[in-house]
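Comments concern the structure below.
The values are calculated or read from the model by the stated rules, or taken from the named source; none is laboratory data. This is a predicted model, so every value here is computed, not measured. Please note: Cβ atoms are built from the backbone with ideal geometry, for glycine as well, and neighbour counts cover all protein chains shown. For accessibility, only protein heavy atoms count, side chains too; no ligands or nucleic acids. Shrake-Rupley method; radii C 1.70, N 1.55, O 1.52, S 1.80 Å.
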Amino acid sequence: MKFLIVNGPNINMLGIREPDIYGTLTYEGLLEYLKGEAARLGCEVEFFQSNSEGELVTAIQKALGRVDGIVINPAAYTHTSVAILDALKAVSIPAVEVHISDVDSREAFRQISYAGLACKHTIKGQGFDGYRQAMVWLKAHCS
Ligand code: DQA
């Protein structure tokens with residue numbers, strides 16, 4: 001199986017941004033961790049991160065016919081973006097939504113997820129391991 005792991009705005013600032021919430025590991029560290037975990041699962045993985053909503057939409061569109069599953073942390077766009085929701089619906093690729101923090105225990109606006117409406121499963125508050133759990137879930141449910 002091949003997965004696309006998509007991260008939205010400010011995820012490239014991991015390690016610097018609010019370490020009390022998101023931890024001290026960098027985005028590059030996250031990618032290294034996930035490359036190793038994907039290999040252990042016998043899966044291929046590619047990564048995309050952008051701070052722009054349109055680029056995230058285009059990356060989801062370009063995944064059509066190329067990947068078996070999408071792991072997506074739309075970050076702040078989770079709570080605002082109908083465009084990302086529609087892109088996920090358009091490609092119909094099985095998707096799992098991931099949030100590093102426990103969005104349910106934070107501000108009320110973080111408890112609304114548009115993208116999540118097009119995802120088969122959501123993992124929140126598991127830190128970086130949430131992305132690994134999402135790959136495991138996709139492998140178990142969508143292969
Ligand atoms: C986040 C939670 C969002 O509310 C926030 O805007 C982010 C990261 C998370 O991974 O916990 O940027 O998606």
Is it true that some residue in the range 42-52 is on the phi > 0 side of the Ramachandran plot, open to solvent by 20 Å² or more (accessible area, probe 1.4 Å) and either assigned to a loop (DSSP other than H, G, I, E, B) or touching a Cys at 6+ places or on another chain (Cβ under 9 Å) (or both)? yes
Met135: passes all of (1) within 13 Å of the chain's Cα centre (by Cα); (2) open to solvent by less than 10 Å² (accessible area, probe 1.4 Å); (3) closer than 20 Å to Asn10 by Cα but (3)
Filtering the range 18-36 for residues that are open to solvent by 50 Å² or more (accessible area, probe 1.4 Å), of a type outside the set (Val, Ile, Thr) and more than 13 Å from Tyr131 (Cα to Cα) leaves a count of 5
Among the residues of the range 121-131, is there at least one that is at negative phi and away from the ligand (no atom under 13 Å from the Cβ)? yes
So, first residue closer than 17 Å to Val98 by Cα and touching a residue at least 24 places away in the same chain (Cβ under 8 Å) in the range 8-26, second residue of a type in the set (D, E, K, R) and not in a helix (DSSP H, G or I), Cβ within less than 8 Å, six or more apart or across chains; the pairs are Asn10/Arg17
Inside the range 87-114, the number of residues satisfying the requirement of being among the β-branched types (Val, Ile, Thr) and either within 9 Å of the ligand (Cβ to nearest atom) or open to solvent by 50 Å² or more (accessible area, probe 1.4 Å) (or both) is 4
Flagged pairs (Cβ under 8 angstrom, 6 or more apart or on separate chains; first in the range 62-76, more than 16 Å from the ligand (Cβ to nearest atom); second among the polar types (S, T, N, Q) and open to solvent by 70 Å² or more (accessible area, probe 1.4 Å)) are Asp68/Ser143
The residue from Ala75, Ala39 that alone is out of contact with any helix residue (DSSP H, G or I) (no Cβ under 7 Å at 6 or more places or on another chain) and open to solvent by 10 Å² or more (accessible area, probe 1.4 Å) is Ala39
Of the conditions (1) within 11 Å of the ligand (Cβ to nearest atom); (2) buried (at least 20 other Cβ atoms within 10 Å of the Cβ), the single one that Ala118 does not satisfy is (1)
Checked the range 2-24 for anything touching a Pro at 6+ places or on another chain (Cβ under 9 Å) and either part of a loop (DSSP other than H, G, I, E, B) or more than 10 Å from the ligand (Cβ to nearest atom) (or both); matches are Val6, Gly8, Pro9
